[in-house]
Each structure stands twice: as structure tokens, then as C-alpha cells.
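S.K.: There's a structure below that I have some questions on.
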Amino acid sequence: MERLSVSIDGPRLAPLSGLKPDALVILIHGYGSNGEDLIGLARVIQPALPNAAFVAPNAPSRMPGLAAAYQWWPIETFSMAERAAGAKAAAPGLDAFITQEMEQAGLAADCVLLVGFSQGTMMALHVGLRRPQALAGIIGISGMLVAPERLQAEIESRPPVLLIHGDQDDVVPFRSMELASTALTEAAVTVETHVSRGVAHSVGQDGLAAAAAFAVRVLG
């Protein structure tokens, strides 16, 4: 099979230790955002993972009229069918990017952590669970599981998952976390959840702490 060319990239952080990375954290931004926004989250987690490299690719599609706003797929109807089709269409590009980054860093799958926010969470779960070799883990913040009814038939690996969601989220409903957790558990994926009280569509300090602790645990 011909390898898919990789056309996405974004800001990076080298290991704080100055050494060759022993882990890779890929941060996947949400709708209308960009990698620069997510690399700020990496800077918070970085002290807990001094030997890890971080990269936050920009999604392949720019939003019309906005210079620094990207999307993994356009949102027009907010329907489940649109999300399923969008994630499926964008998945090969992100999947190829993950493979390329692993190869360039000389790292195995179990040294790679995906961190997604909102639409980026949908991408992280969709792609990460369909890769043949299990990643170290997936952190999904303020997102949802796309096409949960297809998961058991399409899942290829079962990395541990941490879902973080604010109970005041007015963009992606808070109950999306429970729905995703249920579907993942039914597919035999180990899932942890963290509720950020009083937090809307963002990540609070408690969520960042939970993400950092999970990252340290799964990356060893």
C-alpha cells in the first residue's frame, strides 16, 4: 500500500532534559483553534515529563476568513452523521502524522500519548483506538466519542483513556463524557474520568493536574 504523505505540522517542544526523547506527546486542538494554543497546555505538563517531546499539529483545513483558525472537519449541522463522516475523512492524515513522528523519534507506540481537546478529543479517540499497536494512552478533554456504535467492530487496540470534562460545558454537553466512558468500557477499554466542577468548555487547573498525573503513569 502506498504511504499517505503527511501535510500537517505544528509547534514543538524539545525535552526539558536536553536528552533524546524517551516519550512523545501529541496534542490535538479543537475546532477553530491551532497548535500554538495547545502547545501552551504542553508547557504545563512538560515539567512532569522532562524527557518527553511535544508536538501540536495544526489541522489540515483552515477556517475561511480566519488566519490562525483550523478545523479537522467543517461543522455545519452539529449532527452525529456529520461528526462521523468528518472524523473518518480526517483520520488518515492524523494517523500518518503519528506514524511519521514515532519513526522520526525512534519511539514505539507505547511511548506515545495523545491529548485532545474538543474536536481534537474526537480525533484522538477515533484514530488512537484504530491503530494496530496500542499507544501509551489517550487523554480526551471536553470532547466526545464519535460513532460509538461502530467502535466494537472497528477497534484495533486498547490504550488506557482518561476523559476530563467540565460540568458547566455549554459547547460539548457534559453527559458526553459518561456516554463515551460507557461505550469505551463496553469495548474493553480501561477508562478513567475526571469531572471539573464549575468549568465550562475549557480545562481547569484540576483537569491539568489529572492529565499530568495520568501522563506520568502511562509513560512510566
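S.K.: How much of the accessible area of the chain, probe 1.4 Å, is carbon plus sulfur, in whole percent?
M.R.: Numbers: 5500 of 10050 Å².
C and S atoms contribute 55 percent here.
S.K.: Sticking with this structure for a sec: Quick query: amide H of residue 16 versus all other amide H atoms, modeled in the peptide plane; which residues come in under 5 Å with a sequence gap of 5 or more or a different chain?
M.R.: 52
S.K.: Taking amide H positions as placed 1.01 Å from N in the peptide plane, with prolines and chain starts having none, which residues 5 or more places from residue 61, or on another chain, fall under 5 Å of its amide H?
M.R.: The list, which skips near neighbours in sequence, is 71.
S.K.: Measuring with a 1.4 Å probe in the full set of protein chains, what accessible area per residue, in whole Å², belongs to the stretch 49-185? Show your work: numbers first, answer last.
M.R.: On the way: 5580 Å² over 137 residues.
Dividing the accessible area of the stretch 49-185 by its residue count gives 41 Å².
S.K.: For the chain, what proportion of DSSP beta bridges, expressed in % and rounded to the nearest 5, is antiparallel? Walk me through the numbers on the way to the answer.
M.R.: On the way: 5 of 29 bridges.
That works out to approximately 15 percent antiparallel.
S.K.: Give the ranking of 190, 182 by solvent-accessible surface, highest area first, calculated with a 1.4 Å probe.
M.R.: Numbers: 190 90, 182 70 Å².
Reading off the accessible areas and sorting them downward yields 190, 182.
S.K.: Going by Cα centres, the stretch 79-123 and the stretch 186-220 are how many Å apart?
M.R.: 18 Å
S.K.: Express in nm, to one decimal, how much length is gained between residue 19 and residue 75 on full extension, taking 0.36 nm for each residue of separation and deducting their alpha carbon distance. Before the final figure, lay out each step's value.
M.R.: Numbers: separation 56, 0.36 × 56 = 20.16 nm, distance 4.09 nm.
Length gained, residue 19 through residue 75: 16.1 nm.
The values are calculated or read from the model by the stated rules, or taken from the named source; none is laboratory data. Since this is a predicted model, take the numbers as computed values, not measurements. To get the accessible areas, we keep the full protein, side chains included, count just its heavy atoms, and leave off ligands, DNA and RNA. Shrake-Rupley method; radii C 1.70, N 1.55, O 1.52, S 1.80 Å.
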